[in-house]
Structure formats: C-alpha cells, structure tokens
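As structure tokens, the structure follows; a few thoughts come after it.
The values are calculated or read from the model by the stated rules, or taken from the named source; none is laboratory data. The model shown is predicted, which means the values in this text are computed figures rather than measured ones. Here the Cβ positions follow ideal geometry from the backbone for every residue, glycine too, while neighbour counts run over all protein chains shown. Heavy atoms of the whole protein, side chains included, go into the accessibility calculation; ligands, DNA and RNA do not. Shrake-Rupley method; radii C 1.70, N 1.55, O 1.52, S 1.80 Å.
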Amino acid sequence: MLTLWRHARIATCDEQSRVFDRGAIVTRDSTIEWVGDEHEMPAGLHPDRTIELAGRWLTPGLVDCHTHLVFAGQRAAEFARRTAGTSYADIAREGGGILSTVRATRAASEDELVAQSRPRLRSLLAEGVTTVEIKSGYGLEFETEARMLRVARRLEAEEPVTVSTSLLAAHTLPPEFAGRADEYIDTISDDWLPRLAGQADAVDAYCEDIAFSAAQCDRLFTAARALGLPVRLHAEQLSNVGGSQVAARHRALSCDHLEYANEADAVALGRAGTVAVMLPIAYYALAETQRPPIEALRRHGVPLAIASDCNPGSAPGASLLLAMNMARRLFGMMSDEVLLGVTRHAARALGLEAVRGSLAPGRAADFAAWSVDSLDELGYWVGFNPCSLVAKDGAIVLERDV
Ligand code: NIG
Ligand code: FE
C-alpha cells in the first residue's frame, strides 16, 4: 500500500541533510518510496491513502544508541548518598553500584524484567524513539545475561521498536570471580560469547579502574571479532585508562562517555570511523566536571551521537529529549549536531545507518512529527515533549495531543 504523508516540514538527516519546507513522503508498506518537495512528487505515484501533517516538522524516528533499560529495582538510596557527597566509584568499591543492580536482576524472572522495563521503553517511544540499543550487564553469570538478552528481544516483539542488543557481560567483576578478572574475561570470551553470539548484535565492555583494563577489553574484543561480532566500549568515563585506543584498534562501532578522552584519542577514533556517543545525563547525575573533548572530536571528524544511557545508577530515567537538552547546555553542542546525534550518527553507532536514522528512498519508514515552530526546539524544552505522532515501519504507532 502506498501512503502519502503531506504538508510537513522535513529534515531528512541523510547524507545531504536536506530540508523541505513543503515536504511530503510516500511510503510503500514499511519502506520510504520517495521524499521531497510535494510539487516535485513523481506523477506516477498514486497513493492509496493520505495523511495530513498540518505543517508539523518531521524527522527520522529517533535512535537511542546506548541504554541499560532492562534491569530490576532501583538505586534511589545510592543517589541520596551521592548527593550527600559519596562518590559513584566509592559506592562501587563497597559492593554497591552495578553489583547492587546485579543482585536485584539475578533475583527477577523474565516476566518481572519485562514488566519493570516496559515503562522505561514506552517513555522513550513517546519521545519519538523508534530504535533502541539495550545492553545486558546486570547478570554477570551466563543464565542472567542470556535472560536479559531474551527480555530485550521480547520487548522488541511486543512494542513498536527496533532493538539492537549488546552483550555487556564485562560490565564489572562478579563476586564469584573476585581477584580473578583475567579468568572472568576468558570465561566470557571462550564460553559465553560463542553460546550467545546469535542473541547479541554487538559486544560491549566497561573499561575503567573499577571495571576492566584496556588489555582485558582488548582480549575480549579479539574474541568477539573472531566470531564476527562488532564491538563498542564504555571508555574514559571517570579516568583515562586507554579504552579509546583499544576501541579504535578494533574499529569499534562506538566509544561512549569519553569525558577523560584526549586529543590522541580523538585522532584514533576519527581514523577508525568510530562514533563518539555522548551521555550527558550520566555526566549530570554523577556531578562530573570534566566535559568530553567535543572540540577535538569535531576537529578530527569523529561523528557525534547522543544517548540516554537509561540505567538505575548513573542515569536514572528514560528521556532522550533530556539528553539532547543537556548535550546542548552542558556540552555546548549545536542543535543540528544534536539532531544528527539522535538520528543518522546514532544509527551508525549501531551499524544500522543503511536502513534507519535518516529519511531517503529505500530506508525504513520510521519517523516522528513534532508540534514545534523550529527544529531548534528539539533539545531546547526541558520536561516538555512536543512529539505528536510516530510512524514505525510505515504504521502510525503513537498519536498525542500537544
Ligand atoms: O553507562 N559506566 C558503566 N555503566 C553505566 C552505569 C551502570 C550503573 O551504574 O548501573 C553507565 O554509566
Ligand atoms: Fe552505559
């Protein structure tokens, strides 16, 4: 079926970043057939139905390329301690932090995890998100890591969203392996990865003093790539321990956080074609003061993406629009950088840029309509959501009065 979506102002976010003031899109089932100025629509296209967008702005469906949205419980008590002055790293060293959520997640059934995670996913979808990356990493044992990936796949089957999964078994050292981090990396590499390769789209790790060393991430990535799995990395969040260089060497899809990355890291990421994912909600919630080197990343041609980082510790909540606002206010990113950061560049961070994250013929008919006067309003409003319609694979999946 051919559908004409008309009377929109359209930002394609494709390679040419085209903008059409009197724009229209024709979709054939789940795919974009044509996009452009309506008066240039090819005469041979005869739509079966027409949807009126009444002058709203239309962008690609947003892509949240870094979330930990599947987990059980919450860590509000830790947040209270952090606001009173205890650091995130100190809480982690005491056995709290990620390990606290590991205990809750191990104890939760698959159904409980689906039920607790769905509202967070829906909160993102209400903001025009149509593609979400979801990590494991609160199991740190085979069964629970596998369960988290199954939950992510179930959410994809049950909600109007494309899910990209990352195996983050190397999130922190589980108590069973205390003092044996190298053995844990071997167990993931030699045993878990081959068994979970079919369920995970990529392999992630946390490279930090309180997690794994650059050498350990390097070994894990070598094993992942031998199985044909792309890699991504949490790097230089609290200190610089060489993660970006490892990520670049393995041509990682993305390298995320990067507050403590330096110029040489930006050069390496630029050469590798790795996307730098900015996570300003984590920066804010941890009261970080060191900003990621945006200028250097720009200078060395590193594509910038922005993600919510939705997780119970460093980024509680589920709002990509808030992350966009913070990327502008706290990191000084421009509104067009921020838009590309949640569309084409975010899709690239997931290896999906050929299909999602931009509007062009042959790509997925995923888009969001915004009741705004100007695209500068995306990442401007705080706590206000101007998304009024979402189409996923050509079908309207959300309409709200704004
Ligand atoms: O992206 N840095 C490590 N992982 C998460 C935090 C996870 C947690 O605290 O539960 C992050 O900030
Ligand atoms: Fe994260």
Practice item. Select from the range 62-91 the residues that are farther than 15 Å from ALA315 by Cα and in contact (Cβ under 8 Å) with a residue 24 or more places away in the chain and write down the one among them that is farthest from ligand 2 (Cβ to nearest atom). Key: LEU62
Point to revise | Qualifying residue in the range 32-52 (condition: part of a loop (DSSP other than H, G, I, E, B) and either in contact with a His (Cβ under 9 Å, 6 or more places away or on another chain) or open to solvent by less than 30 Å² (accessible area, probe 1.4 Å) (or both)) | key: yes
Check your understanding: In the range 55-95, which residue that is out of contact with any helix residue (DSSP H, G or I) (no Cβ under 8 Å at 6 or more places or on another chain), hydrophobic (A, V, I, L, M, F, W, C) and surrounded by 12 or more Cβ atoms within 10 Å (Cβ to Cβ) is modelled with the highest pLDDT?
Key -> LEU58
Study note, to complete from the structure: Taking the range 242-262 and keeping only residues that are over 18 Å from GLY341 (Cα atoms) and within 16 Å of ligand 2 (Cβ to nearest atom), one is left with GLY243, SER244, ALA247, TYR260, ALA261
Practice item. Using the structure shown, decide if ILE51 is in contact (Cβ under 8 Å) with a residue 60 or more places away in the chain and over 27 Å from the mean Cα position of the chain (by Cα). Key: yes
Check your understanding: Would you pick out the residues in the range 297-341 that are small (Gly, Ala, Ser), within 16 Å of ligand 2 (Cβ to nearest atom) and either farther than 25 Å from ARG122 by Cβ or not in a helix (DSSP H, G or I) (or both)?
Key -> ALA305, ALA307, SER308, GLY313, SER314, ALA315, GLY317, ALA318, SER319
Exercise for review: Take the range 207-250 and flag every residue that is within 16 Å of ligand 1 (Cβ to nearest atom), open to solvent by 20 Å² or more (accessible area, probe 1.4 Å) and either in a strand (DSSP E or B) or among the charged types (D, E, K, R) (or both).
Suggested key: ASP209
Review point. Can you spot a residue in the range 93-105 that is more than 12 Å from ligand 1 (Cβ to nearest atom) and closer than 21 Å to ALA287 by Cβ?
Key: yes
Practice item. From (1) among the hydrophobic types (A, V, I, L, M, F, W, C); (2) within 27 Å of ALA89 (Cα to Cα); (3) buried (at least 24 other Cβ atoms within 10 Å of the Cβ), pick out the condition that doesn't hold for VAL302. Key: (2)
Point to revise | Members of the range 380-396 found to be more than 20 Å from the chain's Cα centre (by Cα) and open to solvent by less than 60 Å² (accessible area, probe 1.4 Å), listed by number | key: PRO386, SER388, LEU389, GLY394, ALA395
Point to revise | Qualifying positions in the range 174-206 - under 27 Å from ARG348 (Cβ atoms), touching a helix residue (DSSP H, G or I) at 6+ places or on another chain (Cβ under 7 Å), of a type in the set (Gly, Ala, Ser) and not in a strand (DSSP E or B) | key: SER189, ALA200
Exercise for review: Mind listing just one residue for me: the one in the range 1-23 that is β-branched (Val, Ile, Thr) and assigned to a strand (DSSP E or B) and, of those, most open to solvent (accessible area, probe 1.4 Å)?
Suggested key: VAL19
Exercise for review: Being among the small types (Gly, Ala, Ser) and over 21 Å from the mean Cα position of the chain (by Cα) narrows it down to one of ALA276, ALA226, ALA205, ALA261, so name that one.
Suggested key: ALA226
**Study point:** Residue, nearest to ILE188 (Cα to Cα), within the range 125-146, restricted to residues that are in contact (Cβ under 8 Å) with a residue 60 or more places away in the chain and more than 16 Å from ligand 1 (Cβ to nearest atom)
**Key:** THR131
Point to revise | Any chance GLU377 is at pLDDT 95 or above, crowded, with 16+ Cβ neighbours inside 10 Å and not aromatic (Phe, Trp, Tyr) | key: no
Practice item. Look at ARG180 and say whether it is more than 16 Å from ligand 2 (Cβ to nearest atom), within 28 Å of ILE91 (Cβ to Cβ), surrounded by fewer than 20 Cβ atoms within 10 Å (Cβ to Cβ) and of a type in the set (D, E, K, R). Key: yes
Study note, to complete from the structure: Flagged in the range 96-133 as within 16 Å of ligand 2 (Cβ to nearest atom), surrounded by fewer than 22 Cβ atoms within 10 Å (Cβ to Cβ) and either at pLDDT below 95 or hydrophobic (A, V, I, L, M, F, W, C) (or both), in numbering order, are LEU99
Revision key, fill the gap. Counted residues in the range 263-296 being out of contact with any Phe, Trp or Tyr (no Cβ under 7 Å at 6 or more places or on another chain), assigned to a helix (DSSP H, G or I) and either open to solvent by less than 30 Å² (accessible area, probe 1.4 Å) or within 16 Å of ligand 2 (Cβ to nearest atom) (or both) come to 12
